[in-house]
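> Here's a structure for you.
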Amino acid sequence: MSKENINQTSDSRFRSSDLGLPTSYVFPPEWAKHEATWLSWPHKEESWPGKIDSIYPRYAEFIKYLSFSEKVRINVKDEAMKAFALKHIESAGADLTQVEFYFHPTNDAWCRDHGPAFLINPKERRKVIVDWGFNAWGGKYPPFDLDDVIPTKIGQYFNIPVFYPEIIMEGGSVEFNGKGTILTSKSCLLNENRNPHLNQAQIEEFLKTYYGQQQVLWVSDGIVGDDTDGHIDDTVRFVNENTVITVVEDNPEDENYELLQSNLRELKEMTLLNGEKLNIIEIPMPDAVIYEDTRLPASYANFYICNKYVIVPTYRCAKDQKALDIISQCFPDRETVGIDSTDIIWGLGSFHCLSQQEPAV
């Protein structure tokens with residue numbers, strides 16, 4: 001279904017040209033309280049060729065931890081997919097009273113990028129959805145028509161107003177500190193396969209307007225093997241308003257070494273709205289994860305912050321524990337949990353890529 005067809009059936013749709021997003025709405029940081037986490041059940045075998053069955057136990061383990069502290073809302077195609085998902089989720093020991101299913105068919109599982117961007121007005125206890133355009137990371141993986149309308153379908157179901165910037169944007173390409181700052185990467189958002197008609201300043205205005213922020217900071221690049229052209233959630237993550245975790249590669253011979261050093265130098269030059277420099281915490285990159293001669297975008301930065309836990313991908317690597325220890329120190333109010341992502345990363349993403357938070361109001 002196209003967004004135009006949805007427009008004919010939905011009272012909750014507002015085009016950006018008709019009604020601007022109220023300035024009282026903001027996109028909260030990930031550590032703000034969640035009402036739920038949204039997922040789209042993995043089903044596209046081409047995303048995990050020859051391996052999709054192996055991902056379900058770890059994916060269900062992810063859902064288990066989410067269910068212990070918030071609702072888990074899962075997009076599925078039909079009753080058969082729901083029953084299949086429930087079998088795995090129940091086997092994992094999740095709290096089934098916290099798990100909800102919605103019959104919203106998707107092309108793929110990467111809900112961070114095709115899911116709704118929820119903004120809130122805390123004083124009025126209201127929320128809205130921003131439905132950015134989605135083109136499967138520059139048209140790499142058609143079709144993507146079902147994914148593109150997921151935010152609007154969720155807005156329809158919950159009767160939440162939906163706003164349309166009408167440019168391409170993915171949730172994994174942006175990070176937020178909760179105090180007006182967005183962090184993103186030039187390799188992704190300035191790529192000609194996204195919005196070639198817009199320059200950097202114009203993209204910044206869209207980001208600030210439709211996320212309710214005041215500042216955009218840019219690093220240059222992403223990691224090798226990242227088919228998103230360099231999403232920030234694989235390289236640099238805010239852990240509080242002044243602090244970021246950034247991945248670094250220790251081996252100068254590794255192809256990620258120099259590009260991550262370049263990002264690090266750029267981070268050291270940045271100044272936040274409060275006039276402070278970033279507090280930068282370095283974590284190692286895991287050893288290279290290679291499958292079928294393909295370097296996969298394995299990164300500890302692709303963790304997900306839920307109400308009770310920080311869920312970190314691990315890779316059967318000697319560096320796993322060091323990364324878990326560093327991340328744990330950044331979140332003293334949450335338990336840090338490592339879940340093996342060695343099979344999941346064959347899909348070229350991990351737990352943060354798979355999830356999108358819905359904030360509480």
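Any read-out appearing in this document is the output of simple, stated calculations on the displayed coordinates, not a laboratory observation. Quantities reported herein were computed from a predicted structural model and do not represent experimental measurements. Heads up, the Cβs are rebuilt from the backbone with ideal geometry, glycines too, and the neighbour counts pull from every protein chain shown.
> Only Cα pairs under 8 Å and at least 6 apart count here; give the relative contact order of the chain as a rounded whole percent.
On the way: 770 pairs, mean separation 75.4, N = 361.
RCO, the chain: 21 percent.
> A follow-up question, please. What's the FRET efficiency of ASP227 with LEU96 using the Cβ-Cβ distance as r and R₀ = 35 Å, to the nearest 0.05?
Between ASP227 and LEU96 the formula returns 0.55.
> For TRP38, list long-range residues whose amide hydrogen, built 1.01 Å from N in the peptide plane, is under 5 Å from its own amide hydrogen.
ARG73, GLN356, GLN357, GLU358
> Then there's this: Starting from the alpha-carbon convex hull of the range 3-359, give the projected area averaged over all orientations, in nm².
Working: hull surface 68.0 nm².
If I average the Cα hull's projected area over directions, I get 17.0 nm².
> How are the C-alpha pair distances of the range 268-321 spread across 10 Å bins, as whole percents from the shortest bin up?
The percentages, shortest bin first, are 19, 33, 32, 14, 2.
> Subtract the Cα-Cα distance of THR271 and HIS197 from 0.36 nm times their separation in residues, and report this length gain in nm to one decimal.
Gain in length upon complete extension: 23.8 nm.
> While we're here: Would you mind computing, in nm to one decimal, how far apart the modelled labels at GLU166 and SER328 are, each placed 7 Å from Cα along Cα→Cβ?
5.1
> What does the net charge come to around TYR25 if you take all other residues with beta carbon closer than 9 Å to its beta carbon, with K and R at +1 and D and E at -1? Could the numbers behind the result be given before it?
Numbers: positive: ARG126, LYS127; negative: none.
Combined, the nearby Lys, Arg, Asp and Glu give +2.
> Can you compute the FRET efficiency between LYS208 and ARG295 using 1/(1 + (r/R0)^6), with r the Cβ-Cβ distance and R0 = 25 Å? Round to the nearest 0.05.
Efficiency computed from Cβ-Cβ geometry: 0.15.
> Here's a follow-up. ILE167's amide H: which non-local residues (gap 5+, or another chain) put their own amide H closer than 5 Å, with H modeled 1.01 Å from N in plane and none for Pro or chain starts?
GLY133
> Counting each DSSP H run of 4 or more residues in the chain as -39500 (n - 2.57), what helix-only mean residue ellipticity at 222 nm follows after dividing by all residues, to the nearest 500 deg cm²/dmol?
Taken over the chain, the calculation gives -7500 deg cm²/dmol.
> Among SER47, SER173, SER91, what is the fewest-to-most ranking by other Cβ atoms within 10 Å?
Going from sparsest to densest Cβ surroundings: SER91, SER47, SER173.
> Measuring from label point to label point, each 7 Å out along Cα→Cβ, what is the SER24 to GLU124 span in nm?
Those two pseudo-labels are separated by 0.4 nm.
> Oh, and also: Amide H to amide H under 5 Å from ILE339: which residues, 5+ apart in sequence or cross-chain, H placed 1.01 Å off N in plane?
The list, which skips near neighbours in sequence, is VAL312, THR314.
> Also: Report, for the range 3-359, the % of DSSP beta bridges that are antiparallel, rounded to 5.
For the range 3-359, the DSSP antiparallel bridge percentage is about 40.
> Please list 3J(HN,Hα) in residue order for the range 202-216, calculated via the Karplus relation 6.51 cos²θ - 1.76 cosθ + 1.60 where θ = phi - 60°; whole Hz, with x for glycine and proline.
Residue by residue, the range 202-216 yields 5, 5, 4, 5, 4, 4, 5, 5, 8, 10, x, 10, 10, 8, 10 Hz.
> A follow-up question, please. Binning at 10 Å from 0, report for the range 189-271 what percent of all alpha-carbon pair distances ends up in each bin.
Pair shares across the bins are 15, 44, 34, 7, 0.
> Further question: What FRET efficiency, computed as 1/(1 + (r/R0)^6) with R0 = 35 Å and r the Cβ-Cβ distance, is obtained for TYR257 and VAL361, rounded to the nearest 0.05?
0.20
> Could you give the distance between the Cα centres of the range 98-172 and the range 34-73, to the whole Å?
With the range 98-172 and the range 34-73 each reduced to a Cα centre, they are spaced 17 Å.
> Then there's this: Return the loop-located GluC sites (Glu not before Pro) in the range 223-321 (DSSP other than H, G, I, E, B) with at most 10 other Cβ atoms within 10 Å of their own Cβ; answer none if there are none.
Sites meeting the loop and neighbour criteria: GLU253, GLU292.
> Under the 0.36 nm per residue contour assumption, what length would be gained going from the current alpha-carbon distance of ALA80 and PHE68 to full extension? Please report the intermediate quantities before stating the final value.
Numbers: separation 12, 0.36 × 12 = 4.32 nm, distance 2.52 nm.
Full extension of this stretch gives 1.8 nm more.
> Mind checking the full-extension length gain between ASP287 and ASP340? Use 0.36 nm per residue of separation minus the Cα-Cα distance, one decimal, nm.
Gain on extension, ASP287 to ASP340, equals 17.7 nm.
> Hey, another quick one. As I understand it, the dipole of the chain uses +1 on the Cβ of Lys and Arg and -1 on the Cβ of Asp and Glu, about the Cα centre. Which of LEU183, PRO143, LEU348 lies farthest toward its positive end?
Final value for the positive-end residue is LEU183.
> Shape call for the range 142-203 from the C-alpha gyration tensor, a ≥ b ≥ c root eigenvalues: rounded (a/c under 1.5), prolate (a/b greater than b/c) or oblate?
Oblate.
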